[in-house]
Structure formats: structure tokens, C-alpha cells
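Every number in this text was worked out from the coordinates using simple rules, so none of it is lab data. Computed from a predicted model, the values in this text were never measured in an experiment. Virtual Cβ from ideal backbone geometry, glycine too; neighbours counted across all protein chains shown.
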Amino acid sequence: MSGSVLAVALEPLDVWLLVAVAVLMTIASMSALAETAIVRISKAKATGMAEEGGPRARALLHLVAAPERWLNALLFVTLVCQIVQATLTGVVSGRLFGGLGIFVATVVNVGITFVLAEAAPKTWALQHTERAALLSARPVKVLVDFVPLRLLSQGLIGLTNVILPGKGLKQGPFVSEEELLAVAAEAHESEAIDKDERRLIESIIEFGDTVVREVMVPRPDMVTVSHEFRVADVMEVILLNGYSRLPVLGEGIDDVIGLVFAKDLMRAERDGREDEPVGALVRPARAVPETKPVAELLREMQANQFHMAVVIDEYGGTAGVVTLEDLIEELVGEIVDEFDMEDARIEPVAGGGARVSGSLTIDDANDLLDIHLPEGEFDTVSGLLLSKLGRIAVVGDTAECDGAKLTVERVQGRRIMRIRIEKIEPVEEETAKADEPRSARRMSGGTP
């Protein structure tokens, strides 16, 4: 009997209102699904999907490439559908059941909207992101290409800018270096990439923040020859050091007049010119400031086809030299051939800690030894130690900083060659308290 009463009470207008409620709820649900799925698709992923072909994938790439063109319009549609269907539900309930019906319908509608128009579609979109994005890409594109809707949403955004002055971000969203490093770490933990791939990604990101001063061969380590040296003598220097080119000096170390190449020396010796001064074979040398970004220098070396540059400090003096190999090593790590006779940069010590080269950079020390040495106006571990000492170092000098103890083990002239680094374990509070004098514990209220 109640069913027949309800059937009689439902007028054609009520039926159409309920149909409208169902349609609006469906549109709101699909809008929520589309928003969640498309936002989670990266541009790189959308590009790859578009390359595989298909109109849906191309529509998806169009949306992902410019989210500002569709996101506001889609959010506006979702909001309108939810508000209008809730209003219509209240109207129908009031017509059928009066005031109590409006209250009950509102409570029920909130639950149904949350489940059917928010939680369920967004959860499914998270579980099937690519499928959901492809299914919704073309309908969303058609919807946001509707000019009146786009103009209306832009007008409302303009009103928002009047209330909250500002045009928002012209570009974005942006991804910081820290977020990229975190993504690489998560990918490594999930075994999507291996350890070497993660390290290469981190090196590439850090490469953009590195300047020439951090990777150059410093002035004390430069191997140079005077322009007055004989060709045969310079050839001997090149053979002893295994280099393919050397800086040639004029009046002193701050007067680098160019570079001499091993192939030019060999050609001169073959032609019987071994007694000529090497200055006759000098080729021009590029000069770069020590603050130049290494990424920019690498591009210049590739474009202009040179492998070595003289590094100039802020006073115009020679700070060192930098080679193409130095830049590549910053990306892939040390490159050592069978003729290199260098000391190891890091050697484990039996008693704990590690013995490192004084020229090891702070960044490399922190990465390789899992410590946290502070950064400052210095670039190397020896620079950090000198800043702590405040004087020229001698063997046996020590300094402590940020959980590490640095000890000078070898000095050559005024230069620190080898340093021992040991971790300092933090003293536990309970241990420190146990080591206090009994009188101190008694004064602080401790048990005698």
C-alpha cells in the first residue's frame, strides 16, 4: 500500500528531477575519476603512451602538457554537479516528505556523494591510473574545449585574483632537486634501479651545481714547462707523466702562454727539431673563470672541440687547469688507467675510520664515508681542517666537527696531503650521567 502511495505521490516533475540527480551524480563521479587519473600521469609517461599511437593517448598528452587549460574547468564542473544534485535532492524530498524528508535526504546524500562521487572513483583511478586516464582523456578534452565553460571558469579565476591579488604561477608545478633525489632513492629501494644507476642520477643532478674550482687540478699539482725548454726535454716530461698536452709558461706560473701537444712534439722530433724551444709549438689555450659552472664548460668543450682550459682566479692569476676528463669524472667517478700512479683517495684504516687525500672534496667525503662535514668557503677536507686550526697544519694536528675527528697524517711543505677521518659516536645521556662525580649527582638530586 505504501508503494502505491509513493507511486501516486511521484509526479512527472519529481521523476525528471530524480533522473537529473542520477545524471549529475554520474558526471561528478566521472569528473573526480578523470581529475585523479590525469593529474597522476607525468608528461614523460603521456609522451610515451602517445608514441604508441591512439587518439585517446594523444588527447591525454594534450591535457597533461597544459594542466592549467583544463583543471579549473573540470573542477568547476565537478562542483556544479555536486551542488546542483544536492539541491535537487532536497527539492524532491521536501515535495514528497516535508521538512523531515529534507533532513534525512541531506544526510543520506552526503554519504552517497562521498562514496559514489569521491571515494570510489578516485580509489579506482589510483588503482588503474593509466586505464582511467585513457578512458577519460577524450571526454575531458571535449568538455574543456566547450568555449562558454572555459570562459566561465576563467572569469571565476579572475574574480579569485581580485579577492586574492596575484596571477598564480606562470609555470609549474615544479619539482625540486630534493624531490628528484627522493624519487631516485625510492626507486632504488623498490629495486626499480640499481645502486650504480641511482648514483649516476645523483651525480647528474649535483653536476648542475658544481663550479670549475671544485673539479680542477689545483695550481700546486699542475705539471708545466717553460717556453724555453727544448722539444726533447718536454717530450721527456710528457712521457714521464703520461699526458697528451701540457701548459707552457712564459714569465711564470701566472703567465700561461698556451698548450703544447704530444703529437706536435713527436712530429718535431721526427723532423729533427728536438733542440728547438718548445715555445715555437705552442697552441692557444682557453681560459675560464674558476666560478664557471661545469655543465656550461662541458658544452663549450663539446662545441669548440678543446680538452683543456686554464682556470683563472678573481685576481687574474692561474688557479689551476681543468680537462674534459675532470668533468666526466664528476659524473661517472674516478677514471684511472693502467699507467696512473696516484695515491688512493680513500683507504680504510684497521683501527677504524679512513685515510683520505687532503684534496678530497667535502661532498665526496660526505657521500663516500657517510658523514656530515660542514660546508663553507673551502671545497676540500684540507680546507676544512685549516679553517678549524686557523694556522698552517703540522703532522698530528686534530680537529673535531659535526661528529667526525680529523687528524693530519702527512704534510708536504705547507700542504696537507693525508688526513685520517674517524667518526665520533655521540655520548648517550645515561652514560654521561653515570660518569658524573657523585657530588654532582647529589647536588642535582641524584641517588648517592
Point to revise | Glu206-Ala182 pseudo-label distance in nm [points 7 Å out on the Cα-to-Cβ vector] | key: 2.0 nm
**Study point:** Percent RCO, i.e. relative contact order, over the chain, from Cα pairs under 8 Å lying at least 6 residues apart
**Key:** 9 percent
Point to revise | Bins of 10 Å from zero: percent of alpha-carbon pairs in the range 270-393 | key: 10, 29, 34, 19, 7, 2
Study note, to complete from the structure: The alpha-carbon pair-distance distribution computed for the range 43-104, with 5 angstrom bins and whole-percent values, is 3, 17, 14, 11, 10, 9, 8, 7, 8, 8, 4, 1
Point to revise | Where a label projected 7 Å from the Cα of Lys423 along Cα→Cβ would reach, residues of the range 349-366 with amide N under 18 Å | key: 349-356, 363-366
Study note, to complete from the structure: Working note, the range 212-332: Cα radius of gyration (Å, one decimal) and Dmax (Å, whole number) are 14.5, 43
Review point. Given that just one value was derived from the coordinates, which of (1) 1.08; (2) 1.59; (3) 0.96 is Cα Rg over 2.2 N^0.38 Å?
Key: (2)
**Study point:** Debye, to nearest 20: dipole size of the range 346-423, +1 on Lys, Arg Cβ, -1 on Asp, Glu Cβ
**Key:** 520 debye
Revision key, fill the gap. Rounded to one decimal in nm, the spacing of the 7 Å Cα→Cβ label points at Val349 and Arg230 is 4.7 nm
Review point. For the pair Glu296 and Arg391, how long in nm is the line joining their label points, each one 7 Å along Cα→Cβ?
Key: 4.1 nm
Practice item. Starting from the Cα of Ile112, move 7 Å in the Cα-to-Cβ direction to define the label point; list residues of the range 26-52 whose amide nitrogen is under 14 Å from there. Key: 26-29
Point to revise | Nearest-0.05 FRET efficiency for Ala287 and Glu325, computed from C-beta distance (R0 25 Å) | key: 0.85
Review point. Given a Förster distance of 56 angstrom, what is the FRET efficiency for Asp271 paired with Ala66, based on the Cβ-Cβ distance and rounded to 0.05?
Key: 0.30
Point to revise | Calculated FRET value between Glu189 and Val19, using beta carbons and R₀ = 56 Å, to 0.05 | key: 0.65
Point to revise | Rg/Rh (Cα only; Kirkwood hydrodynamic radius) as it applies to the range 346-423 | key: 0.91
Point to revise | Cα-centred dipole magnitude for the range 212-332, charges only on beta-carbon of K, R (+1) and D, E (-1), debye, nearest 20 | key: 400 debye
Exercise for review: Within 10 Å of each residue's Cβ, count the other Cβ atoms and sort Phe114, Phe76 from fewest upward.
Suggested key: Phe114, Phe76
Check your understanding: With charges set only on the Cβ (+1 for Lys and Arg, -1 for Asp and Glu), what does the dipole of the chain come to about its Cα centre, in debye to the nearest 20?
Key -> 2700 debye
**Study point:** Between 0 and 90°, nearest 10: helix 147-163 axis offset from the chain longest Cα axis
**Key:** 70 degrees
Exercise for review: Under 14 Å from the Cβ of Ala105, count the other residues' Cβ atoms, weight Lys and Arg +1, Asp and Glu -1, and hand me the total.
Suggested key: 0
Point to revise | Degrees separating the helix 231-241 axis from the principal Cα axis of the chain, which is the longest one | key: 50 degrees
**Study point:** Gain on full stretching of the segment that runs from Leu156 to His307 - 0.36 nm per residue minus C-alpha separation
**Key:** 48.6 nm
Practice item. Only helical DSSP H runs with n ≥ 4 go in: add -39500 (n - 2.57) per run for the chain, normalise by residue count and round the 222 nm mean residue ellipticity to 500 deg cm²/dmol. Key: -16500 deg cm²/dmol
Exercise for review: Find which of Leu369, Leu406, Gly396 sits farthest along the positive direction of the dipole of the range 346-423, computed with +1 on the beta-carbon of Lys and Arg, -1 on that of Asp and Glu, about the Cα centre.
Suggested key: Gly396
Point to revise | Between 0 and 90°, nearest 10: helix 12-39 axis offset from the chain longest Cα axis | key: 10 degrees
